[in-house]
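Contents: one structure, followed by commentary.
The values are calculated or read from the model by the stated rules, or taken from the named source; none is laboratory data. Quick caveat: nothing in here was measured; it's all calculated off a predicted structure. Here the Cβ is made from the backbone with ideal geometry for all residues, glycine too, and neighbour counts use every protein chain on show. Just so you know, the surface numbers come from the protein's heavy atoms only, side chains and all, with ligands and any DNA or RNA stripped out. Shrake-Rupley method; radii C 1.70, N 1.55, O 1.52, S 1.80 Å.
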Amino acid sequence: MRNKSSIMIKLIPYIIVTTIVFLWYYMTNVSLTADPILIPKPQQVIRAFIKDRVWMVQGLFASLGRLLLGYIIAMPLATYLGVWSAWKPIVHRIFYPFIRVLSPIPPLIYSPFLVALLPSFKSASMVMIVIGIFMPTYLNVVHRLDHIEEKILVPALMLELNDYEMVHYILLPYAYPGILTGCRTTLSTSFMILTFAEMMGADSGLGFYIRYFADYGNYTNVIAGIILTSIVILIINALFGFVEKVAVPWRT
């Protein structure tokens, strides 16, 4: 019974997607109840994929490049600063209250100020992505290390390790699984910020593709861009899950 239940649970997403596609096809091709402009036929969206495949691939790599750069900048900085904030009270008092207050504010709110302050839309969008990744990652590391087990911390203190050894050999390895999990949890938020930033001022990327056709009322290509973005998020999330299973097998 448990095996059947687990199989059914795994099939639920596929059933939902299949149902949505069926209703989409039925409303646009059979009953003709859907607005042909706002909700195009599935075959029209497929033709948009085929026609704009080169543009979509180029936009995909542009978006992934920006997202990867944001992770490369934000993740190491947030992790390292978070570990030191958890270990050294003076670092905690300097950074934690400031970041804790700002973290509930969506990075999108900073966009008008960043656009006015920075020299280009691209630099403003990159700062938005970095902020969106940095703050939740920093807080995740600090909160995880606040609950470190005594059986790990006490022996390390008894060895009289210096700050460098404590941070690099005890605290960082302990926080490592939580960092990988945090990468998955911030993925959707980061991609949302990225898409908005590309809509705001980029000249390439998935967000730019969607905004470009939305400005002209071409909702067939808009839906194609939304579908591609969803597929990319699912694939990246699956890759993060695979890396987490390989790198931290004891979590599963």
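Give the calculated FRET efficiency between His143 and Leu64 to the nearest 0.05, with a Förster radius of 25 Å applied to their Cβ-Cβ distance.
Working: r = 29 Å, r/R0 = 1.17.
Here the calculated transfer efficiency is 0.30.
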Ranking Phe240, Tyr219, Gln58 by how far each Cα lies towards the positive end of the charge dipole of the chain (+1 on Lys and Arg Cβ, -1 on Asp and Glu Cβ), the top one is Tyr219
Under a Gaussian network model of the chain whose springs join Cα atoms within less than 10 Å, the largest fluctuation of Ile90, Ile179, Ile193 belongs to Ile90
The helix 206-215 Cα axis meets the longest alpha-carbon principal axis of the chain at an angle in degrees, between 0 and 90 and rounded to 10, of 40
Checked against the positive end of the charge dipole of the chain (+1 on Cβ of Lys and Arg, -1 on Cβ of Asp and Glu, about the Cα centre), the farthest of Pro119, Ser230, Ala175 is Ser230
Full extension between Leu102 and Ile72 adds, at 0.36 nm per residue less the Cα distance, a length in nm of 8.6 nm
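Taking 0.36 nm per residue of separation and subtracting the Cα-Cα distance, what length does fully extending Gln43 through Glu160 add?
So the chain would gain 35.3 nm between Gln43 and Glu160.
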Here segment 31-39 yields Karplus 3J(HN,Hα) values (6.51, -1.76, 1.60; θ = phi - 60°; whole Hz; Gly and Pro given as x) of 7, 6, 8, 8, 5, x, 8, 6, 10
Rounded to a whole %, the carbon-and-sulfur portion of the accessible area of segment 1-96 at a 1.4 Å probe is 75
Computed ³J(HN,Hα) along segment 189-196: with the Karplus parameters 6.51/-1.76/1.60, θ = phi - 60°, integer Hz and x for glycine or proline, the list is 5, 5, 5, 5, 4, 4, 4, 5
By the mean-Cβ-within-10 Å protection proxy, highest first, 149-160, 206-217 rank as 206-217, 149-160
In Å², rounded to a whole number, the accessible area per residue of the chain with probe 1.4 Å is 60
Toy charge model, Lys and Arg Cβ at +1, Asp and Glu Cβ at -1: the chain dipole around Cα centroid in debye, rounded to 20, equals 660
In this structure, the FRET efficiency calculated for Tyr169 and Ala247 from their beta-carbon separation, with R0 = 22 Å, to the nearest 0.05, is 0.75
Along segment 109-126, Karplus-curve 3J(HN,Hα) (6.51, -1.76, 1.60; θ = phi - 60°) to the nearest Hz, with x for Gly and Pro, reads 5, 6, 4, x, 5, 5, 5, 6, 7, 8, x, 8, 5, 5, 5, 5, 5, 5
With 0.36 nm assigned to each residue of separation and the Cα-Cα distance removed, Ser31 to Asp215 gains 63.4 nm
Plugging the Cβ-Cβ distance of Ile50 and Arg184 into 1/(1 + (r/R0)^6) at R0 = 41 Å yields, to the nearest 0.05, a FRET efficiency of 0.80
Which of Pro42, Pro104, Pro76 fluctuates most in a GNM of the chain (C-alpha springs under 10 Å)? That residue is Pro104
Probe 1.4 Å, all chains present, heavy atoms only: Tyr176 accessible area in Å², nearest 10, is 90
